[in-house]
Amino acid sequence: MLYNHYEVDISLDFQTYEFTSVGSKGEIIKVVRYSEINVKGFYNLGFSDKDPITGYISDLTVTNNGDSQKVLATVAATLYAFTDANPGATIIATGSTETRTRLYRMGITNNLEEIKKDFIIMGLTETNWETFRRNITYGAFLVRRKL
């Protein structure tokens, strides 16, 4: 990716990734989790904040820690580690809100040429999946590592 990213702690099964966002609101633990859905080889990418006291994970928390580019680059870095461990996996990602989905689309758009070197990326329109294109509103994204 084009941006620096945070150091990530990876679970032994390569499905959970934790890192600490450092910014204007302090240090915030972030979690990326890949969960296989009811279609073999397809995984949901979950991304959220982790409460350091309760361990509760919420994908609705708005942090605004001033490091969104670095955070998104870190999430993208987990895609490399996950797909190294799970070649052929297809990852489905969408934001928990329309605003977050738009943020993800902007991150993909800003790094599209770099992403396309290693990944196939699709966007979900109102009617079907298509190859990701700039300036299109998508409701979700499919990502697969090029083999």
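The values are calculated or read from the model by the stated rules, or taken from the named source; none is laboratory data. Every value quoted in this text rests on a predicted model; they were computed, and no experiment measured them. Cβ atoms come from the backbone with ideal geometry, glycine included; neighbour counts cover every protein chain shown.
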* Right, Arg144: outside any strand (DSSP E or B) and not small (Gly, Ala, Ser) or not? -> no
* Looking at (1) under 11 Å from the mean Cα position of the chain (by Cα); (2) closer than 15 Å to Val143 by Cβ; (3) not β-branched (Val, Ile, Thr), can you tell me which one Ser48 breaks? -> (2)
* Structure fact -> Subset of region 12-26, residues among the acidic types (Asp, Glu) and loosely packed, with under 14 Cβ neighbours inside 10 Å, comes to Asp13
* Restricting attention to region 34-48, does a residue exist that is part of a loop (DSSP other than H, G, I, E, B), farther than 21 Å from Met122 by Cβ and in contact with a strand residue (DSSP E or B) (Cβ under 9 Å, 6 or more places away or on another chain)? -> no
* **Residue, surrounded by the fewest Cβ atoms within 10 Å (Cβ to Cβ), within region 27-77, restricted to residues that are over 15 Å from Arg100 (Cβ atoms) and among the hydroxyl-bearing types (Ser, Thr, Tyr)** => Thr54
* **Selection status of Thr94, in contact with a Ser or Thr (Cβ under 7 Å, 6 or more places away or on another chain) and either more than 17 Å from Asp59 (Cβ to Cβ) or at pLDDT 90 or above (or both)** => yes
* Asked: Got at least one residue in region 112-135 being free of Cβ contacts under 8 Å to residues at least 40 places away in the same chain, under 26 Å from Ser58 (Cβ atoms), in contact with a helix residue (DSSP H, G or I) (Cβ under 9 Å, 6 or more places away or on another chain) and not in a strand (DSSP E or B)?
  -> no
* For Tyr6: the one exception among (1) touching a helix residue (DSSP H, G or I) at 6+ places or on another chain (Cβ under 9 Å); (2) assigned to a strand (DSSP E or B); (3) at pLDDT 95 or above -> (2)
* Structure fact -> Those residues of region 63-76 which are touching a Ser or Thr at 6+ places or on another chain (Cβ under 9 Å) and of a type outside the set (S, T, N, Q) amount to Gly66, Asp67, Lys70, Val71
* Across region 49-74, what is the number of residues that are assigned to a helix (DSSP H, G or I) and free of Cβ contacts under 8 Å to residues at least 60 places away in the same chain? -> 1
* Residue list for region 4-34, restricted to those being farther than 13 Å from Leu72 by Cα, in contact (Cβ under 8 Å) with a residue 24 or more places away in the chain and polar (S, T, N, Q) -> Gln15, Ser24
